[in-house]
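Below is one structure, written out as structure tokens; comments come after it.
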Amino acid sequence: MGILPYSIRNGGYLGNEDPELFAKHENYDDRYNTPTKVKSADKAEGFMRFLIENFLYEDGNQVRPKHLRVNLLDVDRLVSVNDLKPITNPITFSRNNIPTSDGLLSNEIFGITMYDRMNTCAYIDLHEWFMSPELYKVWSKLDKKIPACVNETKYFSITDNGVLVEDPEHGKTGLKFLKDNFEKINVARTASIRRDQDVDFINACKRDPGAWIRKIVVIPAALRDVDTSKGGRISIGEINQLYRNLILATKALKESTDYGLDMAGATRGRIQMSIVQIFDYFGNGTTINGTTTGPNVPGKLGVLRRSVMSKTTDYASRLVMSAPELKVEKIEDMQADLDYAAIPLASAAANFTPFVIFHMKRYFENAFSGNKGVPCIDPKTGKEEIVYIKDYQMQFSEERLRKELNRFCNGYSTRLLPIEVETVDGRKIYLHFKGFNVTKEEYESGVGNMPIVERWFTWCDLIYIATVEAAEGRKAIICRYPMNSWLNRAIY
């Protein structure tokens, strides 16, 4: 009875398990999104059997749910059902920079419209059987003899207990040997739960048609980077380079097999590692020519987070809450007291974008309307002078203000750029900033001689002024990420 938080026989409540899984049982009450109180011993025993069948427990604690099923991709079936076309040419572009007809960016294979190039896959024929990258990574982690067998550097035999042992005289080697004897080979278990999970995965692969592959899928051409900005030269990108290396290796394997050369073992090992490298590229990253790539699917910068999970509403920002740096002697000297949180200027400006742009426009209207001269600084001489601005409404249109605001919110190195204007006589000159270098309380008190600051007027100054005016008297929703219910939000 120790697998439950409370004794079922005593009429206790069940723990916080998976609601969808509990919904399958007759004693589940979906009105409260929690299992109902089990009153009878018979129902309790039936419900316990239900838990044991669907969950794995160890020492009274839940280890992992057993109802999740993930199968390997059957590449041959995917290619057949979707009528995918093969890529056989490692050359991406012809001499006139036109994609080759059978290459990685082919117009004939992937189409010419954006929809086709975003949704059409292809495949590379490996000509022989290789391990799926998931199986190779798990198996080689549990048994260090697998890489040597794949690369055909050592020979092995299988004992009566299914153990792979080294046998230089009478043993065999290679991927074909492993595939033919895959069901006979047993991987030892230990007390480790993680190892048991990996062994279960390998045993499941013995019945999975996706465990061994003869083809590898190539993602759509529009999802692969091509850089054409390098002085007429074209850079094909990281993933295209990995695909190209795989095509070259498969062609070398076919040629060495046709000519009867004994280099096929090393080539097969290179192909297997190329498959794993492509898999890692879309996973936690890999190393290409000494350069390490970051995660492309999982992680903070992965495609799942960037394209699916990190979608935010308009005029919102996602921030990480952190403790302030206490570099002051008194609480009164902190940038924000204990009842408030300091928000970065760029985030505040992004949250109130329409209002910020409105106050930026109104600032220039107040400064330049009436055809009056404004103080500016000549960037060449550094001297202040009064000048007349040429058509300020065109110079500071809403399009330019929005562009400058986006640049400020999304960049760092250009935030302190001065505001450059064109005068009626055609000169480029900077706006002049003049203010008091005091706190708000000191300015309102008006006590003593207040120091004056004079310099260029920057976009940071303007956006700060506009954001303060835009945020005055307004509220923001601060919510936990992701915002999946009303309980995750608070209004400030």
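In the condition set (1) closer than 30 Å to residue 176 by Cα; (2) surrounded by 16 or more Cβ atoms within 10 Å (Cβ to Cβ); (3) of a type outside the set (A, V, I, L, M); (4) under 29 Å from the mean Cα position of the chain (by Cα), residue 128 is compliant with all but (4). When the stretch 350-381 is filtered for residues that are under 18 Å from residue 460 (Cβ atoms) and of a type in the set (Ser, Thr, Tyr), the ones remaining, listed by number, are 353, 363. Among the residues of the stretch 134-165, write down those that are on the phi > 0 side of the Ramachandran plot and touching a helix residue (DSSP H, G or I) at 6+ places or on another chain (Cβ under 7 Å). Across the stretch 134-165, the qualifying residue is only 152. In the stretch 169-218, which residues are of a type in the set (Phe, Trp, Tyr) and more than 30 Å from residue 121 (Cβ to Cβ)? Hit for the stretch 169-218 is 177, nothing else.
For the stretch 78-118, a residue qualifies if it is in contact (Cβ under 8 Å) with a residue 60 or more places away in the chain, in contact with a helix residue (DSSP H, G or I) (Cβ under 9 Å, 6 or more places away or on another chain), among the hydrophobic types (A, V, I, L, M, F, W, C) and surrounded by fewer than 18 Cβ atoms within 10 Å (Cβ to Cβ), and the qualifying residues are 114, 118.
Of all the listed residues (303, 320, 328), the sole one being modelled with pLDDT under 75, β-branched (Val, Ile, Thr) and farther than 21 Å from residue 430 by Cβ is 303.
So, residue 399, is that one over 21 Å from residue 455 (Cβ atoms), in a helix (DSSP H, G or I), among the charged types (D, E, K, R) and within 43 Å of the chain's Cα centre (by Cα) or not?
Numbers: over 21 Å from residue 455 (Cβ atoms): yes; in a helix (DSSP H, G or I): yes; among the charged types (D, E, K, R): yes; within 43 Å of the chain's Cα centre (by Cα): yes.
Judged against the criteria, residue 399 is a match.
Pairs are defined by a Cβ separation below 8 Å, a sequence spacing of at least 6 or placement on different chains, a first member in the stretch 133-144 that is in the same structural domain as residue 199 (by TED's automatic domain parsing) and in contact (Cβ under 8 Å) with a residue 40 or more places away in the chain, and a second member that is among the charged types (D, E, K, R) and crowded, with 17+ Cβ neighbours inside 10 Å; the pairs so defined are 133/280; 138/198; 141/198; 142/198. The set of residues in the stretch 402-428 that are within 10 Å of residue 346 (Cβ to Cβ), at pLDDT below 90 and of a type in the set (A, V, I, L, M, F, W, C) contains only 409.
The values are calculated or read from the model by the stated rules, or taken from the named source; none is laboratory data. Worth saying up front: this structure is predicted, and the values here are computed from it rather than measured. Neighbour counts are summed over all protein chains in view; Cβ atoms, including those assigned to glycine, are modelled from backbone coordinates with ideal geometry.
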